[in-house]
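What follows is one structure encoded as structure tokens, with my remarks underneath.
The values are calculated or read from the model by the stated rules, or taken from the named source; none is laboratory data. Please read all numbers here as calculations on a predicted model, not as lab measurements. Ideal geometry is used to build each Cβ from the backbone, glycine not excepted, and the neighbour counts take in all protein chains shown. Heads up: the accessible areas ignore ligands, DNA and RNA and are worked out on the full protein's heavy atoms, side chains in. Shrake-Rupley method; radii C 1.70, N 1.55, O 1.52, S 1.80 Å.
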Amino acid sequence: MKREYQDAGGSGAAGDMGMSKDKMMSAPPPPQEDEDVDELLAALGYKVRSSDMADVAQKLEQLEMAMGMGGVPAPDDGFTTHLATETVHYNPTDLSSWVESMLSELNAPPPPLPPAPRLAPASSTVTADGFFDIPPPSLDSSSSSYALRPIPSPAVAPADLSADSPRDPKRMRTGGGSTSSSSSSSSSLGGCVVEAAPPAAAAAAEANAIALPVVVADTQEAGIRLVHALLACAEAVQQENFSAAEALVKQIPLLAASQGGAMRKVAAYFGEALARRVFRFRPQPDSSHLDAAFADLLHAHFYESCPYLKFAHFTANQAILEAFAGCRRVHVVDFGIKQGMQWPALLQALALRPGGPPSFRLTGVGPPQPDETDALQQVGWKLAQFAHTIGVDFQYRGLVAATLADLEPFMLQPEAQDGPNEEPEVIAVNSVFEMHRLLAQPGALEKVLGTVRAVRPRIVTVVEQEANHNTGSFLDRFTESLHYYSTMFDSLEGAGSGPSEISSGPASAAAAATPGTDQVMSEVYLGRQICNVVACEGAERTERHETLGQWRGRLGHAGFETVHLGSNAYKQASTLLALFAGGDGYKVDEKEGCLTLGWHTRPLIATSAWRMAAAP
Amino acid sequence: MMQFTHAAVTASPLHPNGAHGLGLGLFLDVGAPRARQWPAGGFASTPPPLPTSSKISLGNLNSAGCMEQLLVHCANAIEANDATLTQQILWVLNNIAPSDGDSNQRLTAAFLCALVTRASRTGACKAVTAAVAAAVESAALHVHRFTAVELASFIDLTPWHRFGYMAANAAILDAVEGFPVVHVVDLSTTHCMQIPTLIDMLASRAEGPPILRLTVADVASCSSAPPPVLDMSYDELGAKLVNFARSRNVSMDFRVVPTSPADAFSSLVDQLRVQQLVLDGTEALVFNCHMLLHAVPDETAGSVSLAQSVSLRTMLLKSLRALEPALVVVAEEDADFTAGDVVGRLRAAFNFMWIPYDAVDTFLPKGSEQRRWYEAEVGWKVENVLAQEGVDRVERQEDRTRWGQRMRGAGFRPVAFGEEAAGEVRTMLNEHAAGWGMKREDDDLMLTWKGHNVVFASAWAPS
């Protein structure tokens, strides 16, 4: 990796280099790297004692100068000021030593590598059918072949496409913070060219040029600096000090490259997300059917590679099955039908329950499909076939809704009763990773919960990410999501290539060499969430995860109360996990009647069940 | 399309087959070659040798047949390393087969535990044994350690063992008629519980009691010693038996030989060989093989060190024959758990082990302590059949016909049970539930439950 980014760095413009070099000469010599590593890790801090401020401020100034951003008035700069006025202090050496080490990197001479063209042709991918427009600059600095392509160049795009695509089968994400040459690559980010600020891109190129001689000898120390850089960058973003953020965000890919495994990957995603935010290069919601298809594909791989979705399904099913005990007519409303993977097991269990199966109605909600396919109906058709095989009377209805807030009670109401003697239909509402999206639109959750109340469900099952990525400052959100997704990526790493890789046929078995396809795709799945959490704001920020406590408040306020998931569910979840999670890192916990699944001590997703509270 | 690129025209690399390229194909045939996209489809389309789930849809809801099908699907999914499907079926089975349900549900629950244990033990699904042991109530953990008194009354609850005891004792009494010294070698899982009755019978025989020499195979130290477990040393047990014999005016000599079915009781057979050298023909040697022979590895247990074509089971019978015994009694369950594949064993075991679950309702109330012991023992057996491999799998029952072939092959001829023996067994069965019965098959006696074969007893002499 180092080699690669050195190559990449070689692409910097000579003029920038000269300028930077001059500044660097005045920087202090590299410090002795004698920090107490563990202490630094523990602190994760970049706050300093006021007594150290003068020194730090000076170094920061040097840093900014060295990075070619002397135009920013450093003393008044938000970033520095923030540091200077910080009154909570710990681990005072952190910032100054970090700044020093960064300076030392900047001080190093440029390598004797031939510069790559600044306009990397590989950056553009224009598809024939126009799904993707001209790509904006990519910030990828990790791959020598795709070196730097800060400025979009539609003219060269078509030629590049053919050369590019066979070499890079993944093509899943853009390279802002990416350091993995296998998964980062040319980017085709349609329709946002105007947002890509050329100066920013130039700065990126410059930073790469400057930083190229970095030889990180100590991975652990680089890891600490990586975390520092991420957090400092996020803080600079919060302070709206974009020049500092810009300087910092460029360091992240380089530092990430020195890391291995989950750390490198997760940092790359966060770096990319920060870069998108810093360069105002935010992902836009995509309405093409391809995005839906791709999202579905990622979802399927995520389902396979790790136990989170499986846990979500069988714990929710458990609650629904128990709520349906003895009912002759049941109706499940699934707020996100996807491929319908949750329902065959429930159908099978209902088919074999004592007293025979109920008649089963399923309403599957899904996003609009711009193309011809009626994906929702196809899912329903498959489920109907399955239900027929096991002898369950089954009805299905697909409901297309761009947002759950579009649903109205009459859409979910049971049809007119067949006869006066018919037992009323018992309804379950199931939401797996759907509720948090509603928080992006004011009033949407309240409306949906009102709709749910109106159909008087026997049970509402909710699975959500167990984290607060919604309320609080940007920095809080960033810090929490960094922890959250680091743990998530760790767990994927721990599970390695899942058993399904072996059993999924020769074709995919061949393709599933390490790292498993499932794992890579799952990382992309999570990477999209990271990008949304970090880079997006307003209505576009849909990954607004909240904790069980927060949901309890929201649902309680809307007139719902917890249904305790039984010990049976807990025991089952533990057993199934222990068997198939592929490591003892996964842990099921019971928390006030809800079940959480986590990695080691950190709960990551939570299943809860609700019913309408009795009228007060 | 801002967020992430998925490069429409290069969609094919996302898919191993790449054939369907774009759009529609991508949407619903996502992962089509993986067969994972629709995991539960496996219910209806798992491997070819299995019947499809049409059997499930026959309307025979919640029946043993459905349970068996699901268990078979589950076993197949485990063997195929298909975590997703396995998880789904396990979830379903868990919900339809509570371990405190009816007899079919309890039977299924025991098989489920065994499959889970198997998955954890073989690592087929990357399991963590410790975690599973914590989460699954492995049958082995609940096997009770009996005191001698507890065990005696426990065994009296059902004809399962008593049937073999009575048939064997009657045959032994016939065979040792006139011998002043009777040497009984007890190869049994039930810790000499049969012997007091035999002592009684020998004490009251017409020509006066013989000198009784009892040699007991002690297999308690084996890694997979089958239950019941006796919470008493064999020395102590022997002392009690000798005292009991003395009270019946029978002079008795008790010896314990630690040995193992895994090597065909070689230490025991070696000792007997030496003893036989100094015999003068006044001693009748009798082998009482009660539910233990099946623990000796058969041909499917893997390679035998000596000759590939000869199993330890065959070797044992031949070496017993070479000791010129007056009689060999074999009492075994009439089932075949020797299939090499776990699905074959699952089917065989499911279609035999329902009997103990069905029968238990007639003699032990739900929730009783003895019932827990009983079901733990049955569960141990199921687990051993399904979850263990190699020498640890000791529940290698073969049916009556197969044992007959083996005995004949080793140079034995069948000895028919007399009317007296049959009559005594019938009398004993009258003390138990109506479902139990007895029939003759060839020269053997067969215990039945509701007409289904359960345990056979056969007697053999050198031909």
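Report, by chain and number, residues whose modeled amide H sits under 5 Å from the one on residue B:438, excluding near sequence neighbours (fewer than 5 apart, same chain).
B:448
In square angstrom and rounded to 100, what buried accessible area do you get between chains A and B, total over both, with the probe at 1.4 Å?
Values: alone 24680 and 20310 Å², together 37890 Å².
For chain A against chain B, roughly 7100 Å² becomes buried.
Given the pairs B:366/B:450; A:338/A:587; A:382/A:571; A:265/A:310; B:381/B:450; A:591/B:366, which are separated by over 28 angstrom at their Cα positions?
Pairs exceeding 28 Å: A:382/A:571; A:591/B:366.
For region B:238-342, report the accessible area per residue in Å² (1.4 Å probe, heavy atoms, rounded to an integer). List each step's numbers first, then the result.
Numbers: 4290 Å² over 105 residues.
Heavy-atom SASA per residue in region B:238-342 reads 41 Å².
In percent, how large is the relative contact order of region A:322-461, given Cα pairs closer than 8 Å and 6 or more residues apart? Don't skip to the end; give the middle numbers.
Numbers: 211 pairs, mean separation 42.2, N = 140.
Result for region A:322-461 is 30 percent.
First compute the accessible area of region A:240-391 with a 1.4 Å probe, then give the percent of it belonging to carbon and sulfur atoms.
Of the solvent-accessible surface of region A:240-391, carbon and sulfur hold 53 percent.
Project the alpha carbons of region B:411-463 onto their principal axes and report the range along each, largest first, in whole Å.
Computed over the Cα atoms, the extents are 38, 22, 12 Å.
Viscosity 1.002 mPa s, temperature 20 °C: Stokes-Einstein D of region B:260-380 from its Kirkwood Cα radius, in µm² per second?
Details: Rh = 17.3 Å.
The calculation lands on 124 µm²/s.
Divide, for region B:180-244, the radius of gyration over alpha carbons by 2.2 N^0.38 Å, where N is the residue count.
On the way: Rg = 13.1 Å, N = 65, 2.2 N^0.38 = 10.7 Å.
Scaled against compact globular proteins, the figure is 1.22.
What is the percent carbon and sulfur in the accessible area of region B:307-463, measuring with a 1.4 Å probe over the protein chains and ignoring ligands? Numbers along the way, then the final one.
Working: 2820 of 5790 Å².
Looking at region B:307-463 in its full context, I get 49 percent from C and S.
Of A:430, A:403, A:451, which is farthest towards the positive pole of region A:378-464's charge dipole, taken about the Cα centre with +1 and -1 on the beta-carbons of Lys, Arg and Asp, Glu respectively?
The Cα lying farthest towards the positive end belongs to A:403.
Can you tell me the accessible area per residue over region B:351-463, all protein chains present, probe 1.4 angstrom, in square angstrom?
Details: 4440 Å² over 113 residues.
Per-residue value: 39 Å².
Suppose every K and R has +1 on its Cβ and every D and E has -1 on its Cβ; what is the size of the dipole of region B:132-232 about the Cα centre, in Debye to the nearest 20? Display every interim value, and only then the final one.
Details: 4 positive and 10 negative charges, 14 e Å.
Taking the Cα centre of region B:132-232 as origin, the dipole is about 60 debye.
Students sometimes get this wrong: rank A:228, A:388, A:600 by accessible area, probe 1.4 Å, all chains present, largest first.
A:388, A:600, A:228
Which percent of the accessible area of region B:79-122 is formed by carbon and sulfur heavy atoms (probe 1.4 angstrom)? Could the numbers behind the result be given before it?
Working: 430 of 1070 Å².
Of the solvent-accessible surface of region B:79-122, carbon and sulfur hold 40 percent.
If I model a spin label at residue B:255 and residue A:612 as a point 7 Å from the Cα along the Cα→Cβ vector, what separation in nanometres do I get?
Placing both labels 7 Å along Cα→Cβ, they lie 8.2 nm apart.
So which residues in region B:67-110 end up with at least 30 square angstrom less accessible surface once the other protein chains are there, compared with the chain by itself, probe 1.4 angstrom?
With the partner chains in place, region B:67-110 has these residues losing at least 30 Å²: B:81, B:83, B:84, B:87, B:88, B:90, B:91, B:92, B:94, B:95, B:96.
Which of rounded, prolate, oblate describes region A:292-418, given a ≥ b ≥ c as roots of the alpha-carbon gyration tensor eigenvalues and a/c under 1.5 marking rounded, otherwise prolate only if a/b is larger than b/c?
Details: a/c = 1.72, a/b = 1.23, b/c = 1.40.
Note, shape of region A:292-418 comes out oblate.
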